[in-house]
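What follows is a single structure, written as structure tokens, with notes after it.
The values are calculated or read from the model by the stated rules, or taken from the named source; none is laboratory data. Every value quoted in this text rests on a predicted model; they were computed, and no experiment measured them. Positions of Cβ are generated from backbone atoms using ideal geometry, with glycine treated the same way; all protein chains shown enter the neighbour counts. These accessible areas exclude ligands, DNA and RNA; they are computed on the full protein's heavy atoms, side chains included. Shrake-Rupley method; radii C 1.70, N 1.55, O 1.52, S 1.80 Å.
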Amino acid sequence: MEKTLNRIHPVSDPEATYFLQVSWEKDLGTGFGIMLSDGQCAWTGTVSEAEISREAADMEMNREKYVEELKKALIAGEESAGKYNFAISRDEENMECHFSYERNLNDGSFRLGSLKLQKVSSPAEVVKELIGYSLDCLGRLQAKNEYLQNENERLFNDWRDAEKRLEKCVEAKEEIEADLYNRFILVLNEKKAKIRNLQKLLHEAKESATDAKCTRDSIATTQMATGRENDYDGSTDEESENLTQASLPSGKGNPDNLLQPFTVHIGNQKCSRP
């Protein structure tokens, strides 16, 4: 059986303190029992599942939503302080106690439920039970608190170890980065040296190609000039030969004509060749 214990203050007497214990089997919606005590007297009562359904129908509220409201009002305790009101009225002999619970709204409130509680013949036993329940809850809370403290200490130690490992990883990372940077500088310098050598070789190759081209052009120019001189000499010889042939008398192709007599006039004298 599930139980909860809360302190409540009735709206009729806010200075008064009552102890409200609610118990249920499976779920609050299947019915629950109430134990109310002011430390001297005690009252008890039950709410059935049918009464819960009837209250939800009277308020025209969905049953599941109504059960949630009951949990907030009767179980949540101080978490719902100010959101719910409790009204307690007793008869002169304290034989009966009328207990009701309401939900506060901005413009008023509406009643969630009410029931009549009957006086317990031995309130001391009820108070004793409430104290025992409180001590049990306190023991469980202390055990949970101790467990959480140990867990917190373990997590703190783990965090501290992780921080140390992280610092080592950072140092190792910085060392690796420095080493990689140095290697990169060496490789970069080697690449620059190779590039300079290749540029030098390329420049030398261009100069050699230029010199070779100039040499070929010079040779070609010299050859062309030599060829022109040869052509000029040949043409001069041919012209001399032609002039010589033209100055000789024509013998109409007969060599004997060269032996024919001819006359040359020198001044007033005339010379004849036999």
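Between Asp217 and Ala76, the modelled labels are 10.1 nm apart [label points 7 Å from Cα along Cα→Cβ]. Residues Tyr147, Tyr18, ordered by accessible area of protein heavy atoms at a 1.4 angstrom probe radius and largest first, appear as Tyr147, Tyr18. Accessible surface for the stretch 1-128, divided over its residues, is 58 Å² per residue with a 1.4 Å probe. Pairs of Lys residues in the stretch 43-137, spaced 8 or more positions apart or belonging to different chains, with C-alpha separations under 17 angstrom: 4 in total.
Candidate cross-link partners of Lys206 among the lysines, defined by an alpha-carbon separation under 29 Å and a same-chain spacing of 8 or more, comprise Lys191, Lys192, Lys194. This model, with +1 at the C-beta of Lys and Arg and -1 at the C-beta of Asp and Glu, gives the stretch 1-132 a dipole about its Cα centre of some 200 debye.
With all protein chains in place and a 1.4 Å probe, the accessible surface of the stretch 1-106 carries 44 percent carbon and sulfur.
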